[in-house]
Structures are given as C-alpha cells and as structure tokens.
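The values are calculated or read from the model by the stated rules, or taken from the named source; none is laboratory data. Bear in mind that the values here come from a model prediction, so they are computed numbers and not experimental data. In this analysis, Cβ positions are derived from the backbone assuming ideal geometry, glycine residues included, and neighbour counts consider all displayed protein chains.
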Amino acid sequence: MIQTVAKSAPVKKVPERSEVNLKDTWDLSPLYAKEADWEKGLEELREQKGRMLKWKGKLHRGEDLTAALEEERQIDLMAERLGQYAHLRVAEDGGDGAARDRALRLEHLTTQLAEETAWFMPELMQIGDAEWAVLVKHPRLAEWQGKLERIRRYRPHVLGEGEERLMALAGPALGGPDEIFSQLTNVDFRFGTVRDEDGSEIELSHGTFASLLQRQSAEVRRTAWKQYYTEFEQHAFSLAATLASSVKGDVFRAKARKYPSARAQSLFPDRVPEKVYDNLVATVRKNLKPLQRYHRLRRKVLGLKELKSADLQVPLVAAAKRKTKYEEAADLVTMACRPLGGEYQKVLGEGLGKARWVDRYENRGKRSGAFSSGSYQNPPYILMNYREDVLSDVYTLAHEAGHSMHTWMSHRAQPYQDAHYPILLAEVASTFNEELLTHHLLEGPAREDKTLRAYILNRQIDDIRGTLYRQVMFAEFERRIHEAEETGVALTLDFFRICYRELLEAYLGEAMEIEAPLELECLRIPHFYSAFYVYKYAIGISAAMALSDKVLAGDGHAVQRVHGFLKSGGSRPPLETLRAAGVDMESPEPVEAALALFERRVEELEKVLG
C-alpha cells in the first residue's frame, strides 16, 4: 500500500516591499520624482549652511528681522519636504539601508543647521519688553505676529547661545530610545507563526496580531496573544531600559529649560493647564463602572468563564464579521463625510484613490500601525497596514483621512508659519471623521439589520473604550512614571510592571483576568516615546463627539465652524480654537457627555443582543 502524506496549507507570509503591487503604494513623485532629485534637494539644503549667520546681531531691526524670518522659512520648507520623503521611505521598509542612510544624512545636516542658528532664539529673547513692543509693530512683520507671539512665550525657557548649541547637538542622542524601540520591535522581533481555524499557518506580526485577535476561536486568539507577548517577555529588560532612558531624556530637557516638570513642558506649547489633564483623569476615574459593565457583557456574550485581554477585540456579533476591500473602505469613508460638503468629499476621494496618498498593506519591515504625514502644500500621505477582515481598519482609514484633510485645508488657508496645527487639534479632526462614519453606518446599512447594528454599536463602544478609557489609563501611567523619575524613584522593569498592573486592576475591574504578560503592555506602546501625547486622543474624541453631534443635527453654522477649525492650522491656541468651534474642553462636560454616550450604547447593545 502506498501511503500519501497530506500537504499542509502554505504559510501566509508577509510580503517583501518589492513584492507589493505599485497601485497599493503611495505615490511620492509629487515630493521627488526619483531618488536623485532628493539627493539634489539635499545638496541645495546643504548650500544653505551659513546663510542665516549674516543676520546675527541684527534682529532688533524690523527690516532685518523680517528678512531673517523669510530666509528661515525657505530653509524650513526645503528641510520639511526632504524630511517627509526620507521619513516615508524608512516607514515603508525599516530594513531598507539606503532609506535609513538618507534619513540619517538629513538628520546630520539639519542638526548642523540647528547648531548654526542656536543664536537666533537667544538673540530675540534678549530684546527688552519695551523695545519688543515697538519692534513687532513694524509693518513688514504683520504676517509674522502669530509666530512672534508664540516665540516670545518661550522667553523664560530659552537658554544662552552656548547652551542652545549643546541642546541642538544633544537632539539625536536624546532621540535614541525611540529609534532603538522602533528598530527592535519593527525589524528584529520575530513572532513565529500561528495556526488559524482553517489549519493555515499565518506569520505573526504587528499587523496580523490585530487580525488574529478578532478571530472567533478563543484558542486562536489566545495562542496569538501569548506568542506575541512571549517575544516582549524575552526582551523585557531591554525594553524597560529603553523606556526608562526616554523618560530620563524628557526630564532632562524639562530641567535644562527650567520647566517645573516634564509634563509642564509638554503641555506648554498648547497652553493646556495641567488641571485639564488632571481633570480628564479624575472624570474618567469617576466613570469606570460602565466600562466594567461592558466587560461583563462581553464575557457573557462570548460564553467565557474568564475574560482575558485576548478577548477584547473580537466582534461580539460573529454573523456581522465581514471583509471590506480597501476600495470599498475608501468609498465608505468618503460617503460618510458628506455633511462636510462636496469639495471636501472630492479632494478626499481622489486622495484615497487615484492620487495614491495611501500606502495600503503590510510588508516586511514596514512600520506598524498607521499615520498621516504632511509637508506644506504637498500631499498628506497615509501609512496603513490595512486588513480586509478587520473592520476597525476602515475606522483607522477614516481617522487618518481626517488628519490628512486637516493638513490639506490648513496648508491652503494659512501661511507656512501658521499652517501647522498642534497634535491636540489633529486628534479632534481625525476622530470627528470616525464619528461621521459611525453615523453613516448606523443610519444606512445598520438601520434595519439588527445584527449589523449590534456590530456597529459594539464598534463605537470599543472606540470610546480604546480612545477615551484606555488612553486616559495610558496618560495616568505617563504621569506616574515621569513623576517617579523626577522624585528619584528607579525606573526598573519591576517598577513598570507593578505600576502598570495597579492601573490595569483599577480600570479593567473584576470582570477580567489580568495575566502577568499584560503588565508588559506598557513596554510596547510607541506613543510613550512621545511623552504626554496620548491624553490628546481622549480630548480629541470628546471634542469630536460634541462637534459631530452639532453637525449631524443639521446646524449649518456648526458646519461652517468645523470648516473654520480645519482651516485654522496653528494660528490660535488649540483650546481657543475649539471654543470658537463650539466646544469648551476646560469644562468636564464634553468628557462626561462622551462617557454618558458610552453607557447608553452599552445599554442598547445589551437589549439588541437580548
């Protein structure tokens, strides 16, 4: 008898960059048609070295200050465009040595340029208040009023020329922890393969991890989760040291620039009072019961004895699990933005489609997650790791499209010096689009379809859970670890684990089993290398929900105010911009309203699911 051996299903591997279809990648030719053009641009930027020195000692004269600012603007425009291209090429494949070489050469050059202009800010700050008041009234400085006012605010924190030169030189070294974290987790980590419900071997990566956590099989989810975190456990001491170094860098910068704390320095540019941060945490802390109620519902619906972290992403309504091709997702996002007008829809539709703003799918070495990246008057590109079987990726596309349209509109309404909006406003624009998408789905396909409605309700609940509850937990963690460093507490692996576990127990409640590896989640969050960023997500979703409620209620003035917000760039402080748009984030009301919506959605989902 001849025995045959069944062939195993082929392993679904992550493709190499060279294997990705061109139409699925971003078109960077509007930046540089070919790499040789980028090299030419780098040489042109190198030729700018020394140009700013001729204005040294002359900034107290209006004509000279204007000329210096205009020349600085031209240099910044060149560097920004070069930087966007270099950043995107590294992001698409971190293992591309040529791309990393370009980025490092540009970093070296921009560091030299920054070193050369280390005198600029100190010289401006040496101008006395009376002389400054006269200087800024010079007629040629009219378009620079916003920038000059923003500069002057930093007077107490600008150092002497020699010290500023040292700070500029230290920049790349202080950015080292972020680079190490990115290289280690995006390039060096190998998670192995996981067998799915069909017996197929799937290579586990940051991208497929998200997909596998949405599988109906608890065994597949939990196997992927355990295997993913095993890799982090094997590098836990290195990752803890990397995060600790990043925190130390934050504290060093704050002390060097005479801020009372690292958090105070981070909040200073946006003029956000520390009480806003603390009130955000306090408001969420007071409203944890609905979150724990949702966890109990999730455990019940999934039929689990214990709810684990691996069970938080799987859709509660299996029948609504669907595949959405990228093209369909782009159409959904564009249609959802109909309340913002035809011109908005047209630009967005072209960007997500034929203009190829989006690098769509995962490839080996590609940066995990998603982002939007823009430079002045150039396309606002979007990096995705889009998965057809993960509906949340449709929302991610809506989110990044919100960023990109914010960039598109502000860059066309504001001069360069006022066009770049702060991140706090960015998160409002992006989350606003997610809210429009939810409304579009609930009022359209999910209106009569009970199963799909339950699915979308579940998605919005999870969105609020992930963007408000979860990010506030992260924000509290950041506050704690920076305060620990500032008070002399050693930032060891044990400290991070204990600190994070306390927060997990407080926020997640008794309905979840908190496995020991989950304590290491704090070591895999990229945003912790941009300290005090995550609270902006929570502010963003609260403000976005308040604005979307007004727009979807048919308030024509609300649409105009939202357009005004999107065009404002960085011309006004962010909390002031939001007040002009109709939301006061210094009040707890928008946060409380978002948390109240969460509770209502949980109640509705309980009823729909019976």
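Would you mind finding the one in Val281, Val272 that is in contact (Cβ under 8 Å) with a residue 12 or more places away in the chain, not aromatic (Phe, Trp, Tyr) and not in a helix (DSSP H, G or I)?
Just a single option satisfies the conditions, and that option is Val272.
Taking Tyr277 and the conditions (1) more than 21 Å from Gly176 (Cα to Cα); (2) at pLDDT below 95; (3) of a type outside the set (S, T, N, Q), which numbered condition does it fall short on, given that it satisfies the others?
Evaluating Tyr277 over (1) more than 21 Å from Gly176 (Cα to Cα); (2) at pLDDT below 95; (3) of a type outside the set (S, T, N, Q) leaves (2) as the failure.
All but one of (1) in contact with a Phe, Trp or Tyr (Cβ under 7 Å, 6 or more places away or on another chain); (2) surrounded by fewer than 18 Cβ atoms within 10 Å (Cβ to Cβ); (3) under 30 Å from Gln145 (Cβ atoms) hold for His527, so report the exception by its number.
Among (1) in contact with a Phe, Trp or Tyr (Cβ under 7 Å, 6 or more places away or on another chain); (2) surrounded by fewer than 18 Cβ atoms within 10 Å (Cβ to Cβ); (3) under 30 Å from Gln145 (Cβ atoms), His527 violates only (3).
Looking only at segment 7-53, count how many residues are within 24 Å of Ile75 (Cα to Cα) and part of a helix (DSSP H, G or I). I'd like the intermediate steps shown before the answer.
Taking segment 7-53 first, the residues within 24 Å of Ile75 (Cα to Cα) are 28-53.
Among the residues that remain, those that are also part of a helix (DSSP H, G or I) are: 35-46, 51-53.
Number satisfying all stated conditions: 15.
Could you please find all residues in segment 587-610 being part of a helix (DSSP H, G or I) and not aliphatic (A, V, I, L, M)?
Glu589, Pro590, Glu592, Phe598, Glu599, Arg600, Arg601, Glu603, Glu604, Glu606, Lys607
Please enumerate the residues belonging to segment 1-38 that are modelled with pLDDT of 70 or more, within 25 Å of Phe191 (Cα to Cα) and among the hydrophobic types (A, V, I, L, M, F, W, C).
Passing the criteria: Val11, Val14, Val20.
Mind telling me which of the residues Ala118, Ala133, Ala68 ends up being of a type outside the set (Asp, Glu), assigned to a helix (DSSP H, G or I), more than 30 Å from Thr25 (Cβ to Cβ) and in contact (Cβ under 8 Å) with a residue 40 or more places away in the chain?
Of Ala118, Ala133, Ala68, the one residue that is of a type outside the set (Asp, Glu), assigned to a helix (DSSP H, G or I), more than 30 Å from Thr25 (Cβ to Cβ) and in contact (Cβ under 8 Å) with a residue 40 or more places away in the chain is Ala68.
Taking the condition surrounded by 14 or more Cβ atoms within 10 Å (Cβ to Cβ), of a type outside the set (Gly, Ala, Ser) and touching a Lys or Arg at 6+ places or on another chain (Cβ under 8 Å), does Leu174 pass?
yes
Just to be sure before I move on: is Ile541 in a helix (DSSP H, G or I) and buried (at least 22 other Cβ atoms within 10 Å of the Cβ) in the structure I sent?
Values: in a helix (DSSP H, G or I): yes; buried (at least 22 other Cβ atoms within 10 Å of the Cβ): yes.
Taking the combined requirement at face value, the residue satisfies it.
Would you tally the residues in segment 415-435 being surrounded by fewer than 23 Cβ atoms within 10 Å (Cβ to Cβ) and part of a helix (DSSP H, G or I)? Quick ask: steps written out before the conclusion?
At the first step, the residues of segment 415-435 found to be surrounded by fewer than 23 Cβ atoms within 10 Å (Cβ to Cβ) are 415-420, 422-423, 426.
Still in the list and also part of a helix (DSSP H, G or I): 416-419, 423, 426.
Adding up the residues that qualify gives 6.
Could you check, for segment 560-569, whether at least one of its residues is buried (at least 17 other Cβ atoms within 10 Å of the Cβ), at pLDDT 95 or above, in a loop (DSSP other than H, G, I, E, B) and in contact with a His (Cβ under 9 Å, 6 or more places away or on another chain)?
yes
Against the definition (assigned to a helix (DSSP H, G or I), of a type in the set (A, V, I, L, M) and touching a residue at least 12 places away in the same chain (Cβ under 8 Å)), how does Ala99 come out, yes or no? It would help to see each step written out before you state the result.
Numbers: assigned to a helix (DSSP H, G or I): yes; of a type in the set (A, V, I, L, M): yes; touching a residue at least 12 places away in the same chain (Cβ under 8 Å): yes.
Against the criterion (assigned to a helix (DSSP H, G or I), of a type in the set (A, V, I, L, M) and touching a residue at least 12 places away in the same chain (Cβ under 8 Å)), Ala99 qualifies.
Taking helices (runs of 4 or more DSSP H) that do not extend beyond segment 285-390, which have at least 3 residues that are of a type outside the set (A, V, I, L, M), touching a strand residue (DSSP E or B) at 6+ places or on another chain (Cβ under 9 Å) and under 28 Å from Phe474 (Cβ atoms)? Talk me through it step by step, then tell me what you get.
Numbers: elements: 289-302, 326-336, 342-352.
In segment 285-390, the matching helices (runs of 4 or more DSSP H) lie at 289-302.
Could we say that Arg73 is touching a residue at least 12 places away in the same chain (Cβ under 8 Å), out of contact with any strand residue (DSSP E or B) (no Cβ under 7 Å at 6 or more places or on another chain), of a type in the set (D, E, K, R) and surrounded by 15 or more Cβ atoms within 10 Å (Cβ to Cβ) here?
It is true that Arg73 is touching a residue at least 12 places away in the same chain (Cβ under 8 Å), out of contact with any strand residue (DSSP E or B) (no Cβ under 7 Å at 6 or more places or on another chain), of a type in the set (D, E, K, R) and surrounded by 15 or more Cβ atoms within 10 Å (Cβ to Cβ).
Kindly evaluate Ser211 against the criterion of being over 22 Å from the mean Cα position of the chain (by Cα) and not aliphatic (A, V, I, L, M).
Details: over 22 Å from the mean Cα position of the chain (by Cα): no; not aliphatic (A, V, I, L, M): yes.
No, not satisfied.
Condition check: at pLDDT 95 or above, closer than 30 Å to Leu148 by Cβ and among the charged types (D, E, K, R). Does Glu63 satisfy that?
Considered against the rule, which asks whether it is at pLDDT 95 or above, closer than 30 Å to Leu148 by Cβ and among the charged types (D, E, K, R), Glu63 comes out as yes.
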